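Before any comments, here is the structure.
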Amino acid sequence: MRNQAHKQTESDINLKLLWEQLVKSNPGPDNAQLCQLIIHTKPLAEKALEQLFKQQPTNFELYQIMRDGRSEFRDKAFEFLATKGEGTYNFIVSTVIQIPELRDDAWKKLAEQSPQGKELRLIIDHVESLKLECWKIIINQQLSNDELIHLMQDYEELRDAAWDKLMQRKYTNRELCRIIEHVGALRQKAWNQLLKKGTTNTELNYLIDHVPAVRDIAQYKLHKETEDVLKIMSGLQ
C-alpha cells in the first residue's frame, strides 16, 4: 500500500515537473496545442484548460473543447464562452444543434440574444424538442402566410395567434381553402372569410372533392351560383 502511494506521489511530481517544463519552454504551448492536450491527454487536461483560459482562447477553440472534450471540460468551456458575449451567437446556435449535452444551457443563452428566424428555422430542422419554442419566437417576427398556416396545422398552442396574424395581412382564397381542408378548429372561420371574399367555382369544386366536412354547403353554394348564371344567360337569348 505504501509502495502504491509512493508511486502515486512520484507520478504526480513527474506530471507537475513535466507541466512546468512545458509552460516555461520557449515559446510555450499555444492555444491549439493546449486544446489538443485538453481533448486527448487526460493527466494534463485540467492544467491545460486553466492555461488556455489565461491565454484568451478564441470562440472556435472553446467550441472545439465543447464538442470533443470530456464532460467536465465541456461544461467549463461553455461557461467561459457564455461570458464572452461578442461573436458567440453562431457558436451558441451550433451548440444547440450539435452538442446535445449542452443543449439546454445553450438554448437558454441563445434565447437571451434575440435569435433571428434564419437560425431558429435551422434549429427547427434539426432539434425536434425545440420546434415549438422556436416557433413561439418566430411568430412575433416576419412570417410568410405559408408558415402561419403551417403553425395553425401543427401547433394548437399557436393556432389562434397565427390566425389573427394572417387576418391582418393579404391572403388568398387558396390559402383559406387550405385552412378549411387541414385545420378543423378554424374551418368555420376560414369558410366565413371565404364567403366574404367571394368564391370561384374552381374553389368550390376543390372543397367538394377534398373536404367532406363542407361538401354539402359548398355544393349548395356552387349550384345556387350556377343557377343564377344560367338565368342571366337565358335572359340574353
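Screening the candidates ASP216, ASP209 for the property of being out of contact with any Pro (no Cβ under 6 Å at 6 or more places or on another chain) and modelled with pLDDT of 90 or more yields one hit, ASP209. Per the listing LYS170, LYS165, the residue uniquely of a type in the set (D, E, K, R), assigned to a loop (DSSP other than H, G, I, E, B) and either surrounded by fewer than 17 Cβ atoms within 10 Å (Cβ to Cβ) or touching a helix residue (DSSP H, G or I) at 6+ places or on another chain (Cβ under 8 Å) (or both) is LYS170.
Check segment 152-162 and report whether any residue there is among the small types (Gly, Ala, Ser), out of contact with any His (no Cβ under 8 Å at 6 or more places or on another chain) and surrounded by fewer than 15 Cβ atoms within 10 Å (Cβ to Cβ). So that I can check it myself, show each step before the final result.
Our first condition is that a residue be among the small types (Gly, Ala, Ser); within segment 152-162, this holds for 161-162.
Checking which are out of contact with any His (no Cβ under 8 Å at 6 or more places or on another chain) leaves us with 161-162.
Then drop every residue that is not surrounded by fewer than 15 Cβ atoms within 10 Å (Cβ to Cβ), which leaves none.
No, segment 152-162 has no match at all.
Any residue at all in segment 26-42 that is within 30 Å of LEU148 (Cβ to Cβ), of a type in the set (A, V, I, L, M, F, W, C) and out of contact with any Asp or Glu (no Cβ under 8 Å at 6 or more places or on another chain)? No, the conditions are met nowhere in segment 26-42. Report, by residue number, each residue of segment 94-128 that is surrounded by fewer than 17 Cβ atoms within 10 Å (Cβ to Cβ) and assigned to a loop (DSSP other than H, G, I, E, B). Within segment 94-128, GLU112, GLN113, SER114, GLN116 meet the criteria.
Note on segment 96-122: residues that are of a type in the set (Val, Ile, Thr) and within 10 Å of the chain's Cα centre (by Cα) amount to 2. Being buried (at least 17 other Cβ atoms within 10 Å of the Cβ), closer than 18 Å to LYS136 by Cα and among the charged types (D, E, K, R) is a property that does not hold for LYS76. For segment 15-53, the set of residues classified as farther than 13 Å from GLN64 by Cβ, among the aliphatic types (A, V, I, L, M) and either touching a Ser or Thr at 6+ places or on another chain (Cβ under 8 Å) or in a loop (DSSP other than H, G, I, E, B) (or both) consists of LEU44 only. Cβ separations smaller than 8 Å between residues 6+ apart or across chains give no pair from segment 33-44 residues that are under 13 Å from ARG74 (Cα atoms) to residues that are exposed (fewer than 14 other Cβ atoms within 10 Å of the Cβ).
Scanning segment 185-194 for residues that are surrounded by 12 or more Cβ atoms within 10 Å (Cβ to Cβ) and either of a type outside the set (Gly, Ala, Ser) or at pLDDT below 90 (or both) yields LEU186, ARG187, GLN188, LYS189, TRP191, GLN193, LEU194.
The values are calculated or read from the model by the stated rules, or taken from the named source; none is laboratory data. Remember, it's a predicted structure, so these values are computed and weren't measured experimentally. Virtual Cβ from ideal backbone geometry, glycine too; neighbours counted across all protein chains shown.
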